[in-house]
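The values are calculated or read from the model by the stated rules, or taken from the named source; none is laboratory data. Bear in mind the structure is a predicted one, so any value in this text is a computation, not a measurement. All Cβ positions, glycine included, derive from the backbone under ideal geometry; neighbour counts span all protein chains shown.
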Protein chains: 2
Amino acid sequence: MATIYDVARAAGVTAATVSVALSGRGVVNRKTREHILRCAEELGYRPNLVARSLTTGVTHTIGLVVMDITNPFYGEVALAVEQTALRAGYRVTFANTMGDESLGADLLDDLAARQVDGIIVMAGGMSASAVRGAATRGVPIVPCMWDEEEDHGLVTSVGIDFYTAVRLVADFLVDLGHRRVGIVAMCGPDDEKIRMRESAFRDRMAERGFPIDPALWHTAHDTLETGYVAGRDLLARPEPPTAIFAGNDVMAIGVMAAARDTGVRVPDQLTVVGFDDLAVSRYVFPPLTTVRIPKAELMAQATELLLKLIAGEDVATPVSMVPTLVVRESSAPPGARDLERR
Amino acid sequence: MATIYDVARAAGVTAATVSVALSGRGVVNRKTREHILRCAEELGYRPNLVARSLTTGVTHTIGLVVMDITNPFYGEVALAVEQTALRAGYRVTFANTMGDESLGADLLDDLAARQVDGIIVMAGGMSASAVRGAATRGVPIVPCMWDEEEDHGLVTSVGIDFYTAVRLVADFLVDLGHRRVGIVAMCGPDDEKIRMRESAFRDRMAERGFPIDPALWHTAHDTLETGYVAGRDLLARPEPPTAIFAGNDVMAIGVMAAARDTGVRVPDQLTVVGFDDLAVSRYVFPPLTTVRIPKAELMAQATELLLKLIAGEDVATPVSMVPTLVVRESSAPPGARDLERR
DNA sequence: CTGAAAGCGCTAACAA
DNA sequence: TTGTTAGCGCTTTCAG
């Protein structure tokens with residue numbers, strides 16, 4: 001681990017000169033510069049970035065806090081963040097909250113202590129106050145797709161128009177003829193906090209004259225397995241739904257598997273609609289009807305917005321993207337006959 | 001951003017005392033200690049971890065380099081790593097190589113410059129020399145599931161017994177009666193480097209007397225889409241295979257979709273076998289027969305091994321886990337009649 | 001039990 | 001153009 005002093009000594013100059021020569025920030029005699037370069041090269045010198053950070057006050061690192069990186073949704077998010085950060089010379093350290101609010105708060109604290117230059121947080125199970133806390137501590141923070149009833153009280157956020165999104169779904173289902181619709185709503189491991197998407201959906205269904213039967217409201221924890229269980233449960237009701245809206249695609253895929261295992265055909269006997277549009281959603285069978293979130297674009301924007309905040313520019317308006325409904329083959333009018341597809 | 005000096009001043013002591021009091025490392029008068037605690041509390045003091053790192057020489061950060069976090073396989077890996085690191089007080093900064101070797105090398109360099117305490121690298125498209133380079137630079141590094149023909153020349157690695165794994169698959173297929181088997185082999189974006197799993201599979205098929213027809217060897221880039229394309233291609237051959245082994249589940253799922261779209265029934269007309277056993281693989285239709293890798297356990301071990309290396313213990317033997325074949329419904333004897341399942 | 005002093009590796013003014 | 005000096009915030013001997 002050669003230090004800057006080692007190369008200074010080797011080159012017969014002072015550390016400051018080496019610093020300048022290597023960074024190309026100031027002006028250095030061409031010959032000495034080349035000599036320094038050569039010495040650095042020979043010694044295999046690599047600047048110690050933490051030392052640099054201590055003096056410069058920036059780490060070129062951003063934090064990414066997600067619920068559970070195992071969900072492909074967050075995977076796609078993480079890639080977008082990492083790639084756009086990378087291009088700007090930033091690295092990202094990530095952490096999973098697993099839906100645990102207090103862990104989430106600790107994580108934000110820790111990231112701040114590590115002097116990350118900024119933080120991106122994907123809401124899932126993160127308390128608004130924790131987010132505000134980090135902001136207060138002076139770390140730029142961009143909450144993304146905040147999806148809880150309470151407002152996070154932060155201006156610079158990036159998200160989608162949940163209201164429009166679920167309205168799309170509700171109207172689609174009602175127009176298709178569905179009257180009895182079930183919900184698989186995502187919730188954290190411990191609490192029953194209701195996300196905006198599900199509550200807005202419920203509200204819209206009521207508006208359209210077909211309120212959700214509370215017996216058809218099932219909460220789950222954002223996994224295939226819990227989606228599956230919820231599906232089986234819903235389908236086992238005395239009066240099962242003709243359609244199920246799942247809070248995300250992962251759970252929707254679980255629901256479809258549950259239907260299969262209980263002999264319920266999708267979409268002939270059950271319509272399933274998800275939310276996210278994962279890459280895999282068009283490859284499952286039947287291909288899943290879902291709400292498409294432009295994840296990559298959204299997160300690229302979120303990251304760029306964060307970078308601007310870090311650079312001290314003040315970014316005015318929160319970004320809100322418009323989701324679209326992508327209709328595939330997991331949806332059909334209720335009671336559609338089996339088409340004998342072969 | 002109160003510093004340790006601020007709280008020292010507030011408490012009427014010196015920074016050294018504050019340091020000791022807060023860390024509980026030395027002995028401090030009980031009353032002064034409490035007083036210091038209170039002052040720190042009031043000022044909202046948080047130690048600056050990069051400053052600490054500079055003096056202690058450790059960052060409590062590990063690097064994780066994967067191919068593409070979007071693949072649920074890496075997502076599951078990343079979770080396991082992050083969670084076990086978290087428990088030990090470490091954070092993880094991750095990076096995607098996207099199959100780019102030179103990017104991968106740069107990433108390792110950068111992580112080293114950032115003074116991460118150690119690195120975990122999931123082989124996909126990473127050059128052995130880059131890995132060795134980082135090791136040389138003194139950063140403990142644990143390559144996981146190294147899956148390329150060439151040896152990485154590093155003792156402390158964690159992986160699975162690929163040979164056994166694919167032998168399982170080959171024997172399973174042959175015993176089922178398949179003679180004409182296709183392969184969807186994963187490769188990086190630019191090169192055609194062959195992974196061990198596919199080549200070992202090919203070798204075993206030859207051993208069993210049914211060598212793979214080169215026309216049935218298709219390379220793809222580890223995505224659903226490329227798996228799909230490969231599947232269509234293979235199925236369009238004059239003499240299509242009766243079974244396809246995909247280098248991973250993601251591609252296998254793509255292959256199944258291709259079969260569907262070309263009117264080929266799985267498993268009646270085509271057997272598909274994957275590799276990884278993703279969470280989603282048992283929820284797709286038909287549920288995928290695949291090689292189960294104990295990802296979570298494996299990566300937890302890898303992380304713990306890394307932590308030991310960091311602690312200076314020298315870990316003797318490389319860890320190798322035994323994968324198992326999990327037979328689900330995407331496999332059947334060739335030419336199996338449609339069972340008219342309803 | 002507490003303070004003084006030095007140092008981690010680097011950058012940034014300011015002098016020379 | 002290069003060197004000197006100081007300092008980022010913390011920890012760690014070593015004295016007192």
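Summary of computed values
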read-out: Subset tally (residues that are touching a residue at least 12 places away in the same chain (Cβ under 8 Å) and more than 9 Å from DNA strand D (Cβ to nearest atom)) for region A:47-63; value: 8
read-out: Of the criteria (1) aliphatic (A, V, I, L, M); (2) surrounded by fewer than 22 Cβ atoms within 10 Å (Cβ to Cβ); (3) over 27 Å from residue B:225 (Cα atoms), which one residue B:103 fails; value: (3)
read-out: Test result for residue B:28, in contact (Cβ under 8 Å) with a residue 12 or more places away in the chain, within 12 Å of DNA strand C (Cβ to nearest atom) and not in a helix (DSSP H, G or I); value: no
read-out: Helices (runs of 4 or more DSSP H) within region A:220-310 that include 2 or more residues surrounded by fewer than 23 Cβ atoms within 10 Å (Cβ to Cβ) and away from chain B (no Cβ under 13 Å); value: A:224-235, A:295-310
read-out: Which listed residue is under 30 Å from residue B:106 (Cβ atoms), in a loop (DSSP other than H, G, I, E, B) and outside the structural domain of residue B:195 (by TED's automatic domain parsing), from B:55, B:70; value: B:70
read-out: Filtered residues of region B:115-135 (kept if under 17 Å from the mean Cα position of the chain (by Cα) and crowded, with 22+ Cβ neighbours inside 10 Å); value: B:118, B:119, B:120, B:121, B:122, B:123, B:124, B:125, B:126, B:131
read-out: Odd one out for residue A:138 among (1) crowded, with 18+ Cβ neighbours inside 10 Å; (2) more than 30 Å from residue B:104 (Cα to Cα); (3) within 10 Å of chain B (Cβ to nearest Cβ); (4) not charged (D, E, K, R); value: (1)
read-out: Region B:1-15, residues that are within 11 Å of DNA strand C (Cβ to nearest atom) and either farther than 18 Å from residue B:49 by Cβ or part of a loop (DSSP other than H, G, I, E, B) (or both); value: B:8, B:9, B:11, B:12, B:13, B:14
read-out: Residues of region A:5-32 satisfying the condition of being out of contact with any Phe, Trp or Tyr (no Cβ under 7 Å at 6 or more places or on another chain) and β-branched (Val, Ile, Thr); value: A:13, A:14, A:17, A:18, A:20, A:27, A:28, A:32
read-out: Residue match in region A:304-314 (condition: in contact with a strand residue (DSSP E or B) (Cβ under 9 Å, 6 or more places away or on another chain) and without any contact (Cβ under 8 Å) to a residue 60 or more places away in the chain); value: no
read-out: Output for region B:41-51, where each listed residue is more than 9 Å from chain A (Cβ to nearest Cβ) and either aromatic (Phe, Trp, Tyr) or buried (at least 18 other Cβ atoms within 10 Å of the Cβ) (or both); value: B:45
read-out: Lone unmet requirement of (1) surrounded by 23 or more Cβ atoms within 10 Å (Cβ to Cβ); (2) in contact with a strand residue (DSSP E or B) (Cβ under 8 Å, 6 or more places away or on another chain); (3) over 23 Å from residue B:70 (Cβ atoms); (4) of a type outside the set (Val, Ile, Thr) for residue A:216; value: (1)
read-out: Region A:65-91, subset among the hydroxyl-bearing types (Ser, Thr, Tyr) and crowded, with 24+ Cβ neighbours inside 10 Å, residue farthest from the other protein chains (Cβ to nearest Cβ); value: A:74
read-out: For residue B:94: the one exception among (1) more than 7 Å from every other protein chain (Cβ to nearest Cβ); (2) touching a residue at least 12 places away in the same chain (Cβ under 8 Å); value: (1)
read-out: Filter result for residue A:38 (among the basic types (Lys, Arg), more than 10 Å from every other protein chain (Cβ to nearest Cβ) and part of a helix (DSSP H, G or I)); value: yes
read-out: Residue in region A:142-157 that is more than 16 Å from DNA strand C (Cβ to nearest atom), out of contact with any Lys or Arg (no Cβ under 8 Å at 6 or more places or on another chain) and either aromatic (Phe, Trp, Tyr) or within 14 Å of chain B (Cβ to nearest Cβ) (or both) present; value: yes
read-out: Whichever residue in region B:1-18 is surrounded by fewer than 17 Cβ atoms within 10 Å (Cβ to Cβ) and polar (S, T, N, Q) and, among such residues, is farthest from residue A:136 (Cα to Cα); value: B:14
read-out: Residue that is farthest from residue A:61 (Cα to Cα) [pool: residues in region B:39-59 that are touching a helix residue (DSSP H, G or I) at 6+ places or on another chain (Cβ under 6 Å) and within 13 Å of DNA strand C (Cβ to nearest atom)]; value: B:39
read-out: Qualifying residue in region A:86-100 (condition: part of a helix (DSSP H, G or I) and within 16 Å of the chain's Cα centre (by Cα)); value: no
read-out: Looking only at region A:1-27, and only at residues there that are closer than 13 Å to residue A:39 by Cα and within 14 Å of another protein chain (Cβ to nearest Cβ), the one that is farthest from DNA strand D (Cβ to nearest atom); value: A:2
read-out: Residues of region B:189-219 satisfying the condition of being of a type outside the set (Phe, Trp, Tyr), closer than 18 Å to residue B:173 by Cβ and part of a strand (DSSP E or B); value: B:218
read-out: Subset of region A:223-254 [of a type in the set (Val, Ile, Thr) and more than 16 Å from residue A:71 (Cα to Cα)]; value: A:229, A:242, A:244
read-out: Residue that is within 16 Å of DNA strand C (Cβ to nearest atom) and buried (at least 24 other Cβ atoms within 10 Å of the Cβ), where the choices are A:36, A:62; value: A:36
read-out: Qualifying position, being β-branched (Val, Ile, Thr), more than 9 Å from DNA strand C (Cβ to nearest atom) and in a helix (DSSP H, G or I), among B:81, B:18; value: B:81
